[in-house]
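Enquirer: Just dropping this structure here.
The values are calculated or read from the model by the stated rules, or taken from the named source; none is laboratory data. Quantities reported herein were computed from a predicted structural model and do not represent experimental measurements. Cβ: placed from backbone, ideal geometry, glycine included. Neighbour counts: every protein chain shown.
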Amino acid sequence: MKTINKVQKFSLYLYLKHHINSNLRIQKILFFLRVYEKINKINFEDSPIFDKKNNNFQAWVYGPVNVESYNFMRSKLIHEEEIESDFLLNDNDNKLFEQYDKIIDKLNEYESNQLVDWSHQNIEYINVRKNGGIKEWQPCCLFLNELSDDFCKFSNTAEEIYSILKCQ
């Protein structure tokens with residue numbers, strides 16, 4: 001079996017268990033789950049998804065993206081047959097990840113463009129792009145600061161986002 005990190009393994013979980021075969025959706029769900037962890041003070045050491053304390057997401061055009069997951073899943077989604085044959089999740093992985101199932105199911109009720117719109121309302125995302133002088137349409141490889149208070153703040157639809165993240 002090939003060695004993969006936590007976020008890559010969780011991305012496979014989203015694909016295999018929740019049948020999410022869109023890298024865009026995977027990225028938005030990962031982002032909102034990271035916000036959930038930060039709101040609930042789940043340290044990165046205790047996170048079954050993320051290996052790093054900070055700099056897990058870059059401020060891409062369609063919202064925050066975890067590059068490790070994105071690149072890994074991009075190649076896997078092109079060759080979907082490799083996912084089933086090369087990667088299996090064990091019972092321990094599934095138990096760790098199941099704690100997020102309610103939030104994942106709730107996020108899956110929304111269209112991808114809605115998830116993108118919500119991620120664009122994240123204050124840290126807005127600040128990174130604005131302070132970096134990045135236009136709405138321009139690519140960006142600047143990281144969001146997860147240690148900032150703004151990482152867990154949203155404009156406009158904050159209450160709806162928070163209600164989803166509290167559905168545990």
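Enquirer: Quick one: which of 9, 38 is within 13 Å of the chain's Cα centre (by Cα), surrounded by fewer than 23 Cβ atoms within 10 Å (Cβ to Cβ) and either closer than 18 Å to residue 143 by Cβ or not charged (D, E, K, R) (or both)?
Expert: Residue meeting the stated conditions: 38.
Enquirer: Just name the residue that is nearest to residue 31 (Cα to Cα) out of those in the range 120-168 that are aliphatic (A, V, I, L, M) and not in a helix (DSSP H, G or I).
Expert: Filtering first and then ranking leaves 144.
Enquirer: Looking at the range 114-133, which of its residues are in contact with a Phe, Trp or Tyr (Cβ under 6 Å, 6 or more places away or on another chain) and hydroxyl-bearing (Ser, Thr, Tyr)?
Expert: Matches in the range 114-133: 119 only.
Enquirer: Can you tell me which residue is surrounded by the most Cβ atoms within 10 Å (Cβ to Cβ) among those in the range 142-159 that are of a type in the set (A, V, I, L, M, F, W, C) and either within 20 Å of residue 61 (Cβ to Cβ) or free of Cβ contacts under 8 Å to residues at least 60 places away in the same chain (or both)?
Expert: Checked the range 142-159; the qualifying residue surrounded by the most Cβ atoms within 10 Å (Cβ to Cβ) is 144.
Enquirer: Can you name the condition, by its number, that residue 68 falls short on among (1) touching a residue at least 24 places away in the same chain (Cβ under 8 Å); (2) among the charged types (D, E, K, R); (3) surrounded by 20 or more Cβ atoms within 10 Å (Cβ to Cβ)?
Expert: So residue 68 meets the others, but not (3).
Enquirer: Kindly indicate which of 83, 123, 29, 42 is modelled with pLDDT under 95 and closer than 30 Å to residue 156 by Cβ.
Expert: Selected residue: 42, the only one of 83, 123, 29, 42 that is modelled with pLDDT under 95 and closer than 30 Å to residue 156 by Cβ.
Enquirer: Let me ask something else. Which of the numbered conditions does residue 114 fail, given that it passes all the others? Conditions: (1) more than 16 Å from the chain's Cα centre (by Cα); (2) free of Cβ contacts under 8 Å to residues at least 40 places away in the same chain; (3) surrounded by 12 or more Cβ atoms within 10 Å (Cβ to Cβ).
Expert: (1)
Enquirer: Name the residue that is surrounded by the most Cβ atoms within 10 Å (Cβ to Cβ), counting only residues in the range 12-33 that are outside any helix (DSSP H, G or I) and on the phi < 0 side of the Ramachandran plot.
Expert: Among those residues, the one meeting the criterion is 20.
Enquirer: Could I ask something else about it? With 123, 161 as the choices, which residue is β-branched (Val, Ile, Thr), under 17 Å from residue 38 (Cα atoms) and touching an Asp or Glu at 6+ places or on another chain (Cβ under 9 Å)?
Expert: 123
Enquirer: Here's something else I'd like to know. Answer with yes or no whether residue 37 is of a type in the set (Asp, Glu), in a helix (DSSP H, G or I) and either in contact (Cβ under 8 Å) with a residue 24 or more places away in the chain or out of contact with any strand residue (DSSP E or B) (no Cβ under 6 Å at 6 or more places or on another chain) (or both).
Expert: The answer is yes for residue 37.
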